[in-house]
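Working notes for the structure below.
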Amino acid sequence: NNSIQPNTMTSTAKDSITLRFEAEGEESDDDVYGALTNVKAQVFRAGTSKQIGTISGIRIDRQKIPERAFCQTFDEHSADLEWVAGSLLENRYGRTKLSSLRDAGDDPEFDFFFMETFHIDGDQPSEVATLALHNFLQSEHIKGNLDHGCWCVSSIAYVMSEDPKEEVQGSKRKRGNDDSNYHGVIPFLRNGFFQDSALIRSDPDNARILVGGLAHFEKDLLSEAEAMAKATRLLGGSSKKKVKGNDLDILNGVRDLVDRNFQQTLMQGVSSAMLGATPYRPPGDCTSEEQLQNLKRQILRLQSGGGSIARSGALHAACEKNSTKVVKLLLQMDPTSSTAKDQLDRTPLIMAAINATGRLSINGIDDTAVIDALLQAGARKADVDSSNMTAYGYFRQRSSQYLQITHYEHRHKITNLEHKLYPPGGPTVGDFAEGRGGSSGIVDYGPEDDEADREMGEGVYAEKESGDY
């Protein structure tokens with residue numbers, strides 16, 4: 001058994017893999033301020049000349065990029081770098097947006113690394129991929145000056161393939177097809193990388209991004225068993241929530257109907273009310289009985305073929321568009337869908353709450369009926385999403401933003417809905433934080449920057465001193 005366990009990595013094991021590095025700056029240095037360096041490592045088994053893999057990426061010197069020019073710099077390079085680095089780093093100084101990375105020692109004084117390629121030949125066991133990545137992280141191109149213990153890079157990001165099967169790094173013959181689907185992420189998980197829920201909340205596509213910081217890379221390797229357990233939750237959970245087949249047909253059928261009727265509903269009586277010709281009255285659900293019956297027959301046919309309303313996310317779509325009649329139909333056909341969760345662990349009740357307050361304005365719609373139907377069907381007010389926020393927390397957050405534009409005739413509904421959504425055990429820490437701060441995983445640099453600007457007389461304080469205000 002050649003498996004490498006934590007706390008047992010010997011110099012012999014580490015020396016069994018060798019890396020040959022190439023590093024060069026970007027050709028268009030003027031566009032990226034000379035801050036980007038392409039780093040490539042060829043992977044070899046020690047004592048052989050046969051290359052078994054490649055690791056490559058972009059090292060970003062955050063000290064070279066001017067203030068408030070980070071997004072522009074990433075955009076100049078590529079769409080992938082704009083997406084990943086733009087999701088992780090704020091624009092002013094290139095500081096991390098994630099509490100997890102900040103707590104792990106990420107700092108704009110150090111470099112950020114975007115790993116574009118990690119490939120180990122399929123006939124190599126996963127231990128080889130793990131050791132290759134470990135040696136890469138400990139190299140002078142990432143860790144920096146090893147003699148002085150000075151890190152060059154303090155945070156790294158890697159994007160998993162959209163298809164986990166493409167992430168295979170081990171031998172299917174040795175481990176079987178099911179296990180092999182996890183090999184692409186196991187080397188990263190064993191080396192301290194992880195999936196950050198706060199990052200996913202900002203964009204579901206960010207579920208493919210694995211991140212790690214300085215403190216994570218200094219720890220001992222996880223055992224393969226621990227990494228496999230994490231991979232099961234990471235990949236297994238994602239694939240379980242990926243909508244396909246008959247489930248996707250159910251979702252598309254519902255989404256087509258509610259989207260079409262929502263636009264029609266918005267226009268009913270709004271124009272004349274805005275002109276003052278008639279008093280405004282919230283329009284009703286324009287879904288016809290014929291449309292409902294057609295949708296029901298379509299769903300029944302798909303259910304007979306194994307489709308599921310709960311798995312499809314159709315109720316989330318109906319709640320988002322406040323389609324009362326469709327919501328009631330779906331709850332009648334599958335009551336369990338009231339507690340179903342999407343990729344961000346949001347329930348239909350959370351979706352209804354997120355979209356509720358903005359529709360209580362001049363062209364608003366009465367959301368009470370949808371929320372009432374969900375609660376009567378068993379929706380749980382205490383359920384939280386990946387950011388530890390309840391439906392109540394989202395409603396409170398958004399109602400404070402929309403209160404001033406909410407039609408005076410309907411403002412009392414905000415208070416009524418708050419009471420209906422209030423969790424039995426009270427709001428969570430995430431609710432109080434309103435999606436900001438360390439509790440949700442997102443760093444709020446606002447107060448910190450404001451204090452610094454005040455002390456230095458910069459930003460709005462510079463304008464005030466110059467007499468502009």
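The values are calculated or read from the model by the stated rules, or taken from the named source; none is laboratory data. This structure is a prediction, so every number in the text was calculated from the model and none was measured. Using ideal geometry, Cβ is built from the backbone for each residue, glycine included, and neighbour counts are taken over all protein chains shown. Surface areas here come from the heavy atoms of the whole protein model, side chains and all, with no ligands, DNA or RNA. Shrake-Rupley method; radii C 1.70, N 1.55, O 1.52, S 1.80 Å.
Listed residues 52, 58; which is of a type in the set (A, V, I, L, M, F, W, C) and within 18 Å of residue 159 (Cα to Cα)?
After applying the criteria, what remains is 58.
Confirm whether residue 194 is modelled with pLDDT of 85 or more, of a type in the set (A, V, I, L, M, F, W, C), buried (at least 22 other Cβ atoms within 10 Å of the Cβ) and in contact with a strand residue (DSSP E or B) (Cβ under 8 Å, 6 or more places away or on another chain).
It is false that residue 194 is modelled with pLDDT of 85 or more, of a type in the set (A, V, I, L, M, F, W, C), buried (at least 22 other Cβ atoms within 10 Å of the Cβ) and in contact with a strand residue (DSSP E or B) (Cβ under 8 Å, 6 or more places away or on another chain).
In the range 70-77, is there at least one residue being among the hydroxyl-bearing types (Ser, Thr, Tyr), over 22 Å from the mean Cα position of the chain (by Cα) and open to solvent by less than 10 Å² (accessible area, probe 1.4 Å)?
Checked against the condition, which is being among the hydroxyl-bearing types (Ser, Thr, Tyr), over 22 Å from the mean Cα position of the chain (by Cα) and open to solvent by less than 10 Å² (accessible area, probe 1.4 Å), the range 70-77 yields at least one hit.
Taking the condition of being part of a helix (DSSP H, G or I) and β-branched (Val, Ile, Thr), how many residues in the range 204-232 meet it?
Residues flagged as part of a helix (DSSP H, G or I) and β-branched (Val, Ile, Thr) within the range 204-232 amount to 1.
Looking at (1) open to solvent by 10 Å² or more (accessible area, probe 1.4 Å); (2) in contact with a Pro (Cβ under 9 Å, 6 or more places away or on another chain); (3) of a type in the set (Gly, Ala, Ser), which is the only condition residue 94 fails?
Of (1) open to solvent by 10 Å² or more (accessible area, probe 1.4 Å); (2) in contact with a Pro (Cβ under 9 Å, 6 or more places away or on another chain); (3) of a type in the set (Gly, Ala, Ser), only one is false for residue 94: (1).
Condition test on residue 116, is it surrounded by 17 or more Cβ atoms within 10 Å (Cβ to Cβ), over 27 Å from residue 21 (Cβ atoms) and at pLDDT 90 or above?
Judged against the criteria, residue 116 is not a match.
Output yes when any residue across the range 223-232 is at pLDDT 90 or above and hydrophobic (A, V, I, L, M, F, W, C), and no when none is.
no
Filter the range 46-60 down to the residues that are in contact (Cβ under 8 Å) with a residue 60 or more places away in the chain and either over 25 Å from residue 108 (Cβ atoms) or hydrophobic (A, V, I, L, M, F, W, C) (or both), then identify the one that is most open to solvent (accessible area, probe 1.4 Å).
54
For the range 120-132, check the following and say yes or no: at least one residue is of a type outside the set (D, E, K, R) and open to solvent by 60 Å² or more (accessible area, probe 1.4 Å).
no
Inspect the range 412-420 for any residue being at pLDDT below 65 and of a type in the set (S, T, N, Q) and give the result as yes or no.
Scanning the range 412-420, I find no residue that is at pLDDT below 65 and of a type in the set (S, T, N, Q), so the answer is no.
Which residue pairs have Cβ atoms under 7 Å apart, sit 6 or more places apart or on different chains, and have a first residue in the range 126-141 that is of a type in the set (D, E, K, R) and a second that is assigned to a loop (DSSP other than H, G, I, E, B) and open to solvent by 10 Å² or more (accessible area, probe 1.4 Å)?
Partner pairs satisfying both residue conditions: 127/2; 127/3; 127/4.
Test of understanding: among 55, 17, which residue is under 30 Å from residue 225 (Cα atoms) and at pLDDT 95 or above?
The conditions single out 55.
Residues of the range 83-122 being of a type in the set (Gly, Ala, Ser) and out of contact with any Phe, Trp or Tyr (no Cβ under 7 Å at 6 or more places or on another chain), which ones?
Those that are of a type in the set (Gly, Ala, Ser) and out of contact with any Phe, Trp or Tyr (no Cβ under 7 Å at 6 or more places or on another chain): 87, 99, 100, 104, 105, 122.
How about the range 301-329: which of its residues are open to solvent by 60 Å² or more (accessible area, probe 1.4 Å) and touching a residue at least 12 places away in the same chain (Cβ under 8 Å)?
311, 320, 325, 328, listed by residue number.
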